[in-house]
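The structure under discussion appears below in the form of structure tokens.
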Amino acid sequence: MKIHEYQAMQLLKRYGVAIPAGITIDDPSQADAALDQLHAECAAEQFVIKAQVHAGGRGKGGGVKFSPDRASALANIETILGMTLVTHQTGAEGRLVKKVMVAQALDIKQELYAAITLDRTQSMDVFMVSTEGGMEIEEVARTSPEKIVREAIHPGFGLRLFQARALAQALGLEGTAAKQAVAMFQKLYKLYQELDCSIVEINPLIVTGQGDLVALDSKINLDDNALYLHPDLAAMRDLEEEDPAEVDAGKYDLNYIKLDGTVGCMVNGAGLAMATMDIIKQVGGSPANFLDVGGGANVETVKNGFRIILSDPNVKAVLINIFGGIVRCDRIANGIIEAVKDLDLNVPVVVRLAGTNADIAKELLANSGVAIISADSFEDAANKVVKAAQG
Amino acid sequence: MSILVNKNSKIIVQGITGSEGGFHAAQCLEYGHNVVGGVTPGKGGQTALEGAVPVFNSCAEARRATGANVSLIFVPPPFAADAIMEAAAAGIELIVCITEGIPIAQMVEVKAFVQQTGSRFIGPNCPGILTPDEAKVGIMPGFIAQKGRVGVISKSGTLTYEAVHQLCAEGLGQSTCIGIGGDPIIGTSMKELLELFEADSETDAVVMIGEIGGSMEIEAAQFAKDHMSKPVIGFIAGQTAPPGRRMGHAGAIVSGADESAAAKKKLMAECGIHVVESPADIGRTVVKVCA
């Protein structure tokens, strides 16, 4: 699960990590009070206004503005709150900015990078630092991988002191900043571990003109599987940052991801769902979505699946591809028949059923009187649905 | 021979008194007649599967009483990590965990723990293992497979069934089919299974079905290039998946350039893997390669 920057900052503060003073507001009328409070707290004269959306690349998109005085801060708050921010991660439609963080601007001497995440190849968490702060780390990894220094963290022993020192040293830190780094890295690992994060990223981690280490921007993602252990973190979910159809699907244990094609898909199993999208593309169509109805598919899930697929106006045809193992195809067939009758379908539906009770299911569909195009194989289904979508 | 499980396997089911565990344990018993017991803490002394097998309080007890060497786990996510460790501590040789949704941090610990015991661990979040006509340890539908000489390794459940279905349609049976799971941390990698299939006298070729995310397929392909005499036929699901989006499986997310389907297929082909472009061509490609 993703959380906002301001929420990540709250968590960093809880763990004693140095962050700039900041206040998050959702209405321009709160701007004056926020600036007054920051001035009172830390004598801030200069500010940074930062859009709070779940997407990277905010700075390039105009969602982060340095404001050298109060007047420009007020103007920037006015501009950014309510703007539609487009970044390389939001897609062309962009994201409406509903909250901004007003933060104290700091004197930056050096920009560094620090992150903790899972290293799948080693099955261990890894602490990464780089002197190339402020840049996208993927870019650093591609162009100068030697500038990323890693320490693998053994689950039984945690991040050891010598490892934290080695990381600080790799950043070229000395004196106070080095001491602060060692302490901060241990706090970051504690946060990562105790809160079941999937990533904690500080970018940039800065050294101020006074020689202090401060986490200027942070990204924290949480492990969905562990949210049941952290109800307070689960409550940080911002449904407005997610696609409404995807949120709706989640309520019925459907896993739906909207794409921009014209062929809607309903499949059981994530791997087969991806493969179904792939074959649609290979025979000349384009998938409108990923939809995994899961192992417990029944009449209700199929009906809801249909409803969600058809909420996308781009969908010109639907392919249902079910390989029954635990899922019985006859149950799926009944779901399809009910859904087609109830939902007043106006797009062609191609159905391919295989596995448990597939024969019974085919007979049910054939005798139902509903307009369904039946397919015998995976390939046959893809060809038929793409043809139907091209109408 | 086959790999991992056969007709001599003795299987216990952890979580056998739960509805899912009970249902699938009964199917496994019916398929291979080699489920010898179950484990549910606090329910030792009872029986399960309509009196067919005894229930024990712990894996250690179950192993002592039945000589079990395989454990199949259907324990709910909050307790599954512990169940895996318990099986490993009891000296169970092969542990298969079906449970989906185990916190990743717990799996990091499980992986380190199991490695020390010498047990082999498959999963979690996987459909398990099927050696046709001999043993079923998991939730794969037994009737879709037939005995033969093609090994199948896959990250996914139903896509495995699709591949097996295509193989059977071409008249090719399977030696063993393994679903390794789609989580970021899993017990046994594709490479380790290729190693077992290479050594198995009853396997002639291996179908390897991967997906976007991680680098396991690449590691396996490198191994095949350097150490395998048997052909490997590979497919990667998710060529149309947008980067940064998790496609169902927790591990199926393109977070770096090398994790896309196109990049993986290219590297696999360079290692001599017979890469299948269309998921409908898996069976046909095996026929062609083995001809």
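Bear in mind that the values in this text are calculations on the coordinates, not laboratory data. Please read all numbers here as calculations on a predicted model, not as lab measurements. Positions of Cβ are generated from backbone atoms using ideal geometry, with glycine treated the same way; all protein chains shown enter the neighbour counts.
Numbers at a glance
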read-out: About the Cα centre, charge dipole magnitude for chain A (Lys/Arg +1, Asp/Glu -1 at Cβ), debye; value: 460 debye
read-out: Listed residue (A:Gly335, A:Asn346, A:His54) projecting farthest to the positive dipole end of the protein assembly as shown, Cβ model; value: A:Gly335
read-out: Burial order of peptide ranges A:344-356, A:309-321 (average beta-carbon count within 10 Å, highest first); value: A:309-321, A:344-356
read-out: B:Ser229-A:Asp36 pseudo-label distance in nm [points 7 Å out on the Cα-to-Cβ vector]; value: 8.5 nm
read-out: Set of aspartates and glutamates near A:Lys98 by C-alpha distance (under 15 Å), chain-local residues within fewer than 8 positions excluded; value: A:Glu5, A:Asp26, A:Asp27, A:Glu78, A:Asp238, A:Glu240, A:Glu241, A:Glu242
read-out: Spin-label pair A:Ser311/A:Asn298, simplified geometry with 7 Å Cα→Cβ offset, distance in nm; value: 2.2 nm
read-out: Cα gyration tensor category, rounded, prolate or oblate, for the stretch A:281-333 with a/c compared to 1.5; value: oblate
read-out: Unsatisfied cross-links (Cα-Cα over 29 Å) in the set A:Lys362/A:Lys387; A:Lys65/A:Lys219; A:Lys362/B:Lys191; A:Lys190/A:Lys258; A:Lys99/A:Lys281; value: A:Lys362/B:Lys191; A:Lys190/A:Lys258; A:Lys99/A:Lys281
read-out: Förster-model FRET efficiency, 51 Å R0, B:Asp82 and A:Glu136, C-beta, rounded to 0.05; value: 0.85
read-out: Coarse-grained scattering of the stretch B:11-122 at q = 0.11, 0.24 Å⁻¹, given as base-10 log I(q)/I(0) from a Debye sum over alpha-carbon atoms; value: -0.29, -1.37
read-out: Cβ-placed point charges (K, R +1; D, E -1), dipole of the stretch A:165-210 about Cα centre in debye, nearest 20; value: 180 debye
read-out: Cα principal axis extents for the stretch B:145-290, largest first, Å; value: 40, 30, 27
read-out: Sites A:Asp238 and B:Ala60 - FRET efficiency at Förster radius 56 Å, r taken between beta-carbons, to 0.05; value: 0.75
read-out: Sequence-separation-based contact order of the stretch B:200-291, relative, with Cα cut under 8 Å and 6+ spacing, percent; value: 35 percent
read-out: Percentage relative contact order, the stretch B:11-122, counting C-alpha pairs under 8 Å, at least six apart; value: 23 percent
read-out: Cα centroid separation - the stretch B:245-291 against the stretch A:249-273, whole Å; value: 21 Å
read-out: Relative contact order %, chain B, counting alpha carbon pairs below 8 Å whose residues are six or more apart; value: 14 percent
read-out: Other protein chain Cβ atoms within 10 Å, averaged over every residue that makes up A:322-330; value: 4
read-out: Gyration tensor verdict on chain A (Cα atoms; rounded if a/c is under 1.5, prolate if a/b is larger than b/c, oblate otherwise); value: prolate
read-out: Full-stretch length increase - A:Glu363, A:Ala178 - with 0.36 nm per residue and alpha-carbon distance subtracted; value: 59.3 nm
read-out: Under 17 Å from B:Lys136, Cα to Cα: lysines that are on another chain or at least 8 residues apart; value: B:Lys7, B:Lys10, B:Lys147
read-out: Rounded if a/c under 1.5, otherwise prolate or oblate - the stretch A:246-373, Cα gyration tensor axes; value: rounded
read-out: Partners for B:Lys288 among lysines (Cα-Cα distance below 16 Å; same-chain residues under 8 apart left out); value: B:Lys230
read-out: Partner chain coverage, peptide A:261-271 - average Cβ within 10 angstrom; value: 5
read-out: Helical contribution to [θ] at 222 nm, DSSP H n ≥ 4, -39,500 (n - 2.57), averaged over the protein assembly as shown, rounded to 500; value: -11000 deg cm²/dmol
read-out: Spacing of the two label points (7 Å from each Cα toward its C-beta) at A:Ala166 and A:Tyr228, in nm; value: 3.7 nm
